[in-house]
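Engineer: Input: one structure, supplied below.
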4 protein chains.
Amino acid sequence: MQIAMVGLGRMGANMVRRLLRDGHECHVYDVSPDAVAGLEQEGAHGARSLKELVAGLAAPRAVWLMLPAAITGATVTQLLDLLSPGDAIVDGGNSSYRDDIDRAEVASGRDVDYVDCGTSGGVWGLERGYCLMVGGPDRAVNRLTPVFATLAPGVDAAPRTPGRTGDPTPAEQGWLHCGPSGAGHFVKMVHNGIEYALMAAYAEGLNIIKGAGAGARPQEADAETAPLRDPRYYPYDAIDLAEVAEVWRRGSVVGSWLLDLTAEALRADPGLEQFTGRVSDSGEGRWTSIAAIEEGVSAPLLTAALYSRFASRGSELFADKVQSAQRLEFGGHVEKPRS
Amino acid sequence: MQIAMVGLGRMGANMVRRLLRDGHECHVYDVSPDAVAGLEQEGAHGARSLKELVAGLAAPRAVWLMLPAAITGATVTQLLDLLSPGDAIVDGGNSSYRDDIDRAEVASGRDVDYVDCGTSGGVWGLERGYCLMVGGPDRAVNRLTPVFATLAPGVDAAPRTPGRTGDPTPAEQGWLHCGPSGAGHFVKMVHNGIEYALMAAYAEGLNIIKGAGAGARPQEADAETAPLRDPRYYPYDAIDLAEVAEVWRRGSVVGSWLLDLTAEALRADPGLEQFTGRVSDSGEGRWTSIAAIEEGVSAPLLTAALYSRFASRGSELFADKVQSAQRLEFGGHVEKPRS
Amino acid sequence: MQIAMVGLGRMGANMVRRLLRDGHECHVYDVSPDAVAGLEQEGAHGARSLKELVAGLAAPRAVWLMLPAAITGATVTQLLDLLSPGDAIVDGGNSSYRDDIDRAEVASGRDVDYVDCGTSGGVWGLERGYCLMVGGPDRAVNRLTPVFATLAPGVDAAPRTPGRTGDPTPAEQGWLHCGPSGAGHFVKMVHNGIEYALMAAYAEGLNIIKGAGAGARPQEADAETAPLRDPRYYPYDAIDLAEVAEVWRRGSVVGSWLLDLTAEALRADPGLEQFTGRVSDSGEGRWTSIAAIEEGVSAPLLTAALYSRFASRGSELFADKVQSAQRLEFGGHVEKPRS
Amino acid sequence: MQIAMVGLGRMGANMVRRLLRDGHECHVYDVSPDAVAGLEQEGAHGARSLKELVAGLAAPRAVWLMLPAAITGATVTQLLDLLSPGDAIVDGGNSSYRDDIDRAEVASGRDVDYVDCGTSGGVWGLERGYCLMVGGPDRAVNRLTPVFATLAPGVDAAPRTPGRTGDPTPAEQGWLHCGPSGAGHFVKMVHNGIEYALMAAYAEGLNIIKGAGAGARPQEADAETAPLRDPRYYPYDAIDLAEVAEVWRRGSVVGSWLLDLTAEALRADPGLEQFTGRVSDSGEGRWTSIAAIEEGVSAPLLTAALYSRFASRGSELFADKVQSAQRLEFGGHVEKPRS
């Protein structure tokens, strides 16, 4: 079917390629003329402005946005002035589901369907397909089904879940209409919250194995250092972490795609020397914990994963200083210098 | 090769079957004569006592224990009186790696090799193979390589990690000699600690989605209840969790074997009505957090996962009562009745 | 000085009493005529409506609101129509500091000063005085200094901090102008977040002591229960928690007013049998964790305290069921029944 | 009464002084002759060896050890060879309660009473008195009551808990016989676990206030940085933390001795510039979390406080690198450089 894509960064461009391969008619626009030209050579119809893009589409139109969250809002506003009743906007980026709810209200006032689509797959999506979590009105979601079906990985991407019979549902193909506006980004947000926790879980476990040789090292013996109670139980100073990650990939309960990637990273750089350990976060993890708090639902792991990212960037420094100061006050404990 | 198996429960019996299929000569013993008889019919050599078992083996012997942790120690003691220098004991159960270190010292005094083997795979191992994490002396581990190779899933169980070339390592086949005595169970212990956290991460995320309709329900309005600040942002009272778990299985970053199982469980019983939510723990998660603490390594997620299991069994009740009592004291807050 | 109080619940009425005692001229209003009448008998000037209240005051006026957060907004809107440029509104309740920022903007448009005042002290404030955390424009805060000084506990409420010399600052008297609009409620919000954590810290510690007899009880021995590794180290089944709380009150590092209250609660009801352990939360703890998340600052304890309150009300039930379901799937573990 | 003190560091020497002031006959020994000589000048009886110390005492003897945990065990062994049936050893240091249980068994075999005494008070104890948590046999604890009573702060150190009548209990005087051997150090251990959490709670809260000006600073805008959603709600870049700590000291719910010390530290050095934030831990916090885990009791705050200390010393670095590596693998996210 005909679909327009706005935003031709790594994600947007690859999605256009996947759509083109499957025979869809793709109209594309980006602030970078080069990005547009590149995809024109691969078979897309390029446009030099939003206005030109919309003008080239047949009603009812569908314009998919793949933009940084900070720009999406303004682009939606512009688009709403260009589109007609019955058209649809799809926000496939990393917007907050709250923005979806607000924007869908505005769009609905003009009879434009606003569809939010959480997209997982990253740099691997062109090859593996994208996992799509969709929210918004039935009218648009139904109409866009061929696009979702092409972008999604398809039913063969995983063995069928035992007990499922009959025609595969959309979820089994890798895309899901989760609910009304925002539901797609809500589910994607929680997906990312889980992702943070899965990553941190492997990281913590590998760190414990890395520290298992604590008893093989000479122990510091001063009043400021808790001694290792049984050094003989911590003799493992040579466990090969890359091999550990590798062995867990086969037959174990902790196998996952993230483990596959961890194994690859450790194989390439066993000490991870190229990294400083400054872990960024892009918003969804924060929103997930905030949602848990507002719902009154406990989420200790998801929040701990988020906090470990903050801490990796030094957010706890002042809090640590407060504790050092308290120790000096009540016990005369002088801080040990950083070694 | 020739191998003896002691303990023919679900795990031990299936491991014997997998070994028999691959042509190994299996001698078996269990306190239950029925269990022994069953495997004799499948081709194993049965024994009516540990003594008879050992007597039937050619030196250097290898006796694999697949026993509840509570019985393993006594069985090792008995075996050490029956075995000869150069023989080997393999503990494939869920022993603490500390027991391995202690037992290996004793065995070493008699020139018997003590091998610890953490085994992941559960009820799926017969079909999928077992992920084996092995610790102990080279002599025995080298000799037992054919057994490990048969029990492990094999290299085809997962796509090869990019960048790995040449002959697959044992880890790529699904088994790893992690280090000296206890190293196998240590790595298995951490594996289980990670497993707890992965499970809890999915559980928390699904719980947040389940609570996303908080704004669609009438709000309690009393001084003891924090009101939902923006009910309009929590309208999602009908997201299908089984479909969410299913869609994440294809193309997303959070795909894993545990997610596959979660999707299956939710498909079969979408509300999980058959469960009361009392989550057991079998020791390794505790030991993992203790190891982190003794090493001086932070493990907030792994410990949070453990604590959530404790809490699921009511361990926090008294602590909660203390807080209710404090609130009554300082603010005159009367506890809300359980609804 | 002249001050009006709107909202004569426990907090508001006691604050009026404390002001009257110190010679202030108090004008009072409440939706309950009885509440008004009661304070009239104690020397306050009663009003039967907001309009009448405002009419009785000399400009520049000061109207202090001591209302449930849910009603404050509407009352502010009404008041703004009655007040004149140069007047001041003080919100002494538990509003979100975000509402202060929004309302102060509106009030500022009419040249009315909006002052937010976080108030700690609860049912003890009449006697001990109230700790006041104030935000808003200097003009109003300076004018209201006599009122803050009366309500605050005064410098004698605690020994002077070593190193402080000269005239006591307002903070030393128990009230502080924290910053612009919302700063008072922001500091009060964090204060409550800390309060939650202090409470939970004592609760957890006492719970660990309560469980110290785990080794003195018969151990469950089944595959679903992790056995206590060294029962001999958990023989303490008769430690008197009320006496423990009492002994910590003198000379220890953990002495605090919350500990005093805990000791009193345990003295009165050593098993805390009257409580079910359902711990409410009134909003500030949630907002504190959300602030930490939005600032990108790690706050593991404050959030854990909040989550333990959610969990006390059953918020984790579904997450626990997910984990039980996963265990059944991968290991055939059948849930233990609740005992 | 007659009492011997071994170990004349800051704690031991001050305890001798407090005992001398109250008329007790103190015999003292330390490896440092200067330490002995100093206290001889203050009225103590000095000894040049353990043997000489014991020889100078009348049976039944009482020898109090105030030694680093690492030395206590060897000293007990030496003492047991010098003491007679009916004598008593008191370990007033920071030993693990597990060592108490083990040592008490040995001592009991010689009819020597082994008393463990957790001691809180630090550098302030000489003036404020020491909070004493005692475990061990009644015979010795009863005999030593005058010593405990002198060392403890006394009933006037805190207002009497409402509802308590009649003669003050020992707990009301600041010392408590908690139970059999080890019970004293067990309660002291949990006390320190709580202490860690109280400290971290204040530290986290102050850190959130310190970060409340996040919206007043220019925002980073790149794909690796989650933007602050509502900068207008984080304008507070000038809240005076020293004054905040001070105001909380009077009339608020979070008042405590640790807060008093925090206020003093912030007054002396508002930015805590003299500290690097490397927070040591001395063992009890670790043991408390381990006890919680072994009991199967959830202790999220106490463990989070411990982990924050580990993290302050860099224990999470490798785990953070793992997460950066994973992000690079799945999303092509290049780590932001440390600024």
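The values are calculated or read from the model by the stated rules, or taken from the named source; none is laboratory data. Here the structure is a predicted model, which means the values were calculated and not measured. Heads up, the Cβs are rebuilt from the backbone with ideal geometry, glycines too, and the neighbour counts pull from every protein chain shown.
Engineer: Can you find, within the range B:282-307, the residue that is modelled with the lowest pLDDT among those that are outside any helix (DSSP H, G or I) and more than 20 Å from C:Ser308 (Cα to Cα)? Write out each step before concluding.
Structural biologist: Residues of the range B:282-307 that are outside any helix (DSSP H, G or I), as a first pass: B:282-283, B:296-299.
Among the residues that remain, those that are also more than 20 Å from C:Ser308 (Cα to Cα) are: B:282-283, B:296-298.
Working: B:Ser282: 83, B:Gly283: 91, B:Gly296: 95, B:Val297: 96, B:Ser298: 97.
Here the answer is B:Ser282.
Engineer: Another question, if that's okay. I'd like to check something: does the range D:289-301 contain any residue that is in contact with a Lys or Arg (Cβ under 8 Å, 6 or more places away or on another chain), facing chain A (nearest Cβ under 7 Å) and not polar (S, T, N, Q)?
Structural biologist: no
Engineer: I would also like to ask the following. Considering only the range B:280-337, state which residues are of a type in the set (Phe, Trp, Tyr) and under 22 Å from the mean Cα position of the chain (by Cα).
Structural biologist: Here is the first cut: in the range B:280-337, the residues of a type in the set (Phe, Trp, Tyr) are B:287, B:307, B:310, B:318, B:330.
Within the range B:280-337, B:Trp287, B:Tyr307, B:Phe310 qualify.
Engineer: When the residues of the range B:308-319 are filtered to those that are facing chain C (nearest Cβ under 9 Å) and in a helix (DSSP H, G or I), which remaining residue is surrounded by the fewest Cβ atoms within 10 Å (Cβ to Cβ)? Explain how you work it out, then say what you get.
Structural biologist: Here is the first cut: in the range B:308-319, the ones facing chain C (nearest Cβ under 9 Å) are B:308-309, B:311-319.
Retained after the next criterion (residues that are in a helix (DSSP H, G or I)): B:308-309, B:311-312, B:317-319.
On the way: B:Ser308: 28, B:Arg309: 25, B:Ala311: 26, B:Ser312: 25, B:Leu317: 17, B:Phe318: 22, B:Ala319: 29.
The residue in question is B:Leu317.
Engineer: Then there's this: I need a count of the residues in the range D:187-244 that are among the hydroxyl-bearing types (Ser, Thr, Tyr) and not in a loop (DSSP other than H, G, I, E, B). Let's see the steps before the verdict.
Structural biologist: In the first step, residues of the range D:187-244 are kept if they are among the hydroxyl-bearing types (Ser, Thr, Tyr); the result is D:196, D:202, D:225, D:233-234, D:236.
If we keep only those that are not in a loop (DSSP other than H, G, I, E, B) as well, we get D:196, D:202, D:225, D:233.
Selection size over the range D:187-244: 4.
Engineer: Looking only at the range C:248-259, decide whether some residue is modelled with pLDDT of 95 or more, within 16 Å of D:His185 (Cα to Cα), facing chain D (nearest Cβ under 7 Å) and not in a loop (DSSP other than H, G, I, E, B).
Structural biologist: Scanning the range C:248-259 turns up at least one residue that is modelled with pLDDT of 95 or more, within 16 Å of D:His185 (Cα to Cα), facing chain D (nearest Cβ under 7 Å) and not in a loop (DSSP other than H, G, I, E, B).
Engineer: Let me ask something additional. For the range A:20-72, what are the residues that are of a type in the set (D, E, K, R) and more than 21 Å from A:Ala140 (Cβ to Cβ)?
Structural biologist: In the first step, residues of the range A:20-72 are kept if they are of a type in the set (D, E, K, R); the result is A:21-22, A:25, A:30, A:34, A:40, A:42, A:48, A:51-52, A:61.
Selection gives A:Arg21, A:Asp30, A:Asp34, A:Glu40, A:Glu42, A:Arg48, A:Lys51, A:Glu52.
Engineer: Which number in (1) under 22 Å from C:Leu79 (Cα atoms); (2) under 25 Å from the mean Cα position of the chain (by Cα) marks the one condition that C:Leu20 misses?
Structural biologist: For C:Leu20, the failing item is (1).
Engineer: Here's another thing I want to ask about it. Which one is nearest to C:Leu19 (Cα to Cα) among residues in the range C:104-161 that are assigned to a helix (DSSP H, G or I) and basic (Lys, Arg)?
Structural biologist: Of all residues in the range C:104-161, those assigned to a helix (DSSP H, G or I) come to C:104-108, C:122-128, C:138-143, C:145-151, C:155-157.
Subset that is basic (Lys, Arg): C:128, C:139, C:143.
On the way: C:Arg128: 13, C:Arg139: 21, C:Arg143: 15 Å.
Looking at residues that are assigned to a helix (DSSP H, G or I) and basic (Lys, Arg), I get C:Arg128.
Engineer: Which is acidic (Asp, Glu), surrounded by 14 or more Cβ atoms within 10 Å (Cβ to Cβ) and within 14 Å of chain B (Cβ to nearest Cβ), of A:Asp87, A:Asp113, A:Asp100?
Structural biologist: Working: A:Asp87 fails: within 14 Å of chain B (Cβ to nearest Cβ); A:Asp113 fails: within 14 Å of chain B (Cβ to nearest Cβ).
Exactly one of A:Asp87, A:Asp113, A:Asp100 is acidic (Asp, Glu), surrounded by 14 or more Cβ atoms within 10 Å (Cβ to Cβ) and within 14 Å of chain B (Cβ to nearest Cβ), namely A:Asp100.
Engineer: State the number of residues belonging to the range C:257-280 that are surrounded by 21 or more Cβ atoms within 10 Å (Cβ to Cβ) and either over 30 Å from D:Cys117 (Cα atoms) or touching a residue at least 24 places away in the same chain (Cβ under 8 Å) (or both).
Structural biologist: 7
Engineer: If B:Gly125 satisfies every condition in (1) at negative phi; (2) buried (at least 17 other Cβ atoms within 10 Å of the Cβ); (3) at pLDDT 95 or above but one, which is the exception?
Structural biologist: Among (1) at negative phi; (2) buried (at least 17 other Cβ atoms within 10 Å of the Cβ); (3) at pLDDT 95 or above, the lone unmet condition for B:Gly125 is (3).
Engineer: For the range B:162-186, how many residues are of a type in the set (S, T, N, Q), buried (at least 21 other Cβ atoms within 10 Å of the Cβ) and assigned to a loop (DSSP other than H, G, I, E, B)?
Structural biologist: Step one: filter the range B:162-186 for residues of a type in the set (S, T, N, Q), giving B:165, B:169, B:173, B:181.
Pick out the ones that are also buried (at least 21 other Cβ atoms within 10 Å of the Cβ) and you get B:173, B:181.
Okay, now just the ones that are also assigned to a loop (DSSP other than H, G, I, E, B), so B:181.
Result for the range B:162-186: 1.
Engineer: How many residues are touching a residue at least 12 places away in the same chain (Cβ under 8 Å) and either closer than 15 Å to C:Val141 by Cα or within 7 Å of chain D (Cβ to nearest Cβ) (or both) when one looks only at the range C:158-172?
Structural biologist: First pass over the range C:158-172, keeping only residues touching a residue at least 12 places away in the same chain (Cβ under 8 Å): C:160, C:168, C:170, C:172.
Next cut, either closer than 15 Å to C:Val141 by Cα or within 7 Å of chain D (Cβ to nearest Cβ) (or both) only: C:170, C:172.
Residues in the range C:158-172 being touching a residue at least 12 places away in the same chain (Cβ under 8 Å) and either closer than 15 Å to C:Val141 by Cα or within 7 Å of chain D (Cβ to nearest Cβ) (or both): 2 in total.
Engineer: Right, something else. Condition test on B:Arg98, is it of a type in the set (Lys, Arg) and within 21 Å of the chain's Cα centre (by Cα)? Explain how you work it out, then say what you get.
Structural biologist: Working: of a type in the set (Lys, Arg): yes; within 21 Å of the chain's Cα centre (by Cα): yes.
Yes.
Engineer: Which of the residues belonging to the range C:212-236 are touching a residue at least 12 places away in the same chain (Cβ under 8 Å) and either among the polar types (S, T, N, Q) or facing chain D (nearest Cβ under 7 Å) (or both)?
Structural biologist: Passing the criteria: C:Ala212, C:Ala214, C:Gln219, C:Thr225, C:Leu228, C:Arg232, C:Tyr233, C:Tyr234, C:Pro235, C:Tyr236.
Engineer: Does any residue in the range B:188-211 that is closer than 20 Å to A:Ile293 by Cβ and facing chain A (nearest Cβ under 8 Å) come within less than 8 Å, Cβ to Cβ, of a residue that is small (Gly, Ala, Ser) and surrounded by fewer than 24 Cβ atoms within 10 Å (Cβ to Cβ) six or more places away or on a different chain, and which pairs are these?
Structural biologist: B:Asn207/C:Ser315; B:Gly211/A:Gly296; B:Gly211/C:Ser315
Engineer: Just checking, which of A:Val322, A:Val279 is in a loop (DSSP other than H, G, I, E, B), more than 10 Å from chain B (Cβ to nearest Cβ) and within 30 Å of D:Asp230 (Cβ to Cβ)?
Structural biologist: Values: A:Val322 fails: in a loop (DSSP other than H, G, I, E, B).
A:Val279 is the lone residue from the list that is in a loop (DSSP other than H, G, I, E, B), more than 10 Å from chain B (Cβ to nearest Cβ) and within 30 Å of D:Asp230 (Cβ to Cβ).
Engineer: Same structure again: Being in contact with a Lys or Arg (Cβ under 7 Å, 6 or more places away or on another chain) and of a type in the set (Lys, Arg) is the filter here, so list the residues in the range D:261-288 that pass it.
Structural biologist: D:Arg267, D:Arg278
Engineer: Say whether the condition of being among the β-branched types (Val, Ile, Thr) and either in contact with a Gly (Cβ under 6 Å, 6 or more places away or on another chain) or at positive phi (or both) is met by at least one residue in the range A:231-246. Show your work before the answer.
Structural biologist: Our first condition is that a residue be among the β-branched types (Val, Ile, Thr); within the range A:231-246, this holds for A:239, A:244.
Adding the requirement that they be either in contact with a Gly (Cβ under 6 Å, 6 or more places away or on another chain) or at positive phi (or both) leaves A:239.
Scanning the range A:231-246, I find at least one residue that is among the β-branched types (Val, Ile, Thr) and either in contact with a Gly (Cβ under 6 Å, 6 or more places away or on another chain) or at positive phi (or both), so the answer is yes.
Engineer: Filter the range C:148-157 down to residues that are touching a residue at least 60 places away in the same chain (Cβ under 8 Å) and surrounded by fewer than 23 Cβ atoms within 10 Å (Cβ to Cβ), then give me how many there are. Show your work before the answer.
Structural biologist: First pass over the range C:148-157, keeping only residues touching a residue at least 60 places away in the same chain (Cβ under 8 Å): C:150-151.
Now narrow it down to the ones that are surrounded by fewer than 23 Cβ atoms within 10 Å (Cβ to Cβ): C:150.
Residues meeting the conditions: 1.
Engineer: Exactly one condition in (1) modelled with pLDDT of 95 or more; (2) in contact with a Leu (Cβ under 8 Å, 6 or more places away or on another chain) is false for D:Phe186; which is it?
Structural biologist: (2)
Engineer: For the range D:120-131, indicate whether the set of residues that are within 11 Å of another protein chain (Cβ to nearest Cβ), under 27 Å from D:Ala59 (Cβ atoms) and out of contact with any His (no Cβ under 8 Å at 6 or more places or on another chain) is non-empty.
Structural biologist: Yes: the range D:120-131 contains one or more residues that are within 11 Å of another protein chain (Cβ to nearest Cβ), under 27 Å from D:Ala59 (Cβ atoms) and out of contact with any His (no Cβ under 8 Å at 6 or more places or on another chain).
Engineer: Determine whether D:Asn207 is more than 22 Å from the chain's Cα centre (by Cα) and buried (at least 24 other Cβ atoms within 10 Å of the Cβ). Step through it out loud before you land on a result.
Structural biologist: Numbers: more than 22 Å from the chain's Cα centre (by Cα): yes; buried (at least 24 other Cβ atoms within 10 Å of the Cβ): yes.
Taking the combined requirement at face value, the residue satisfies it.
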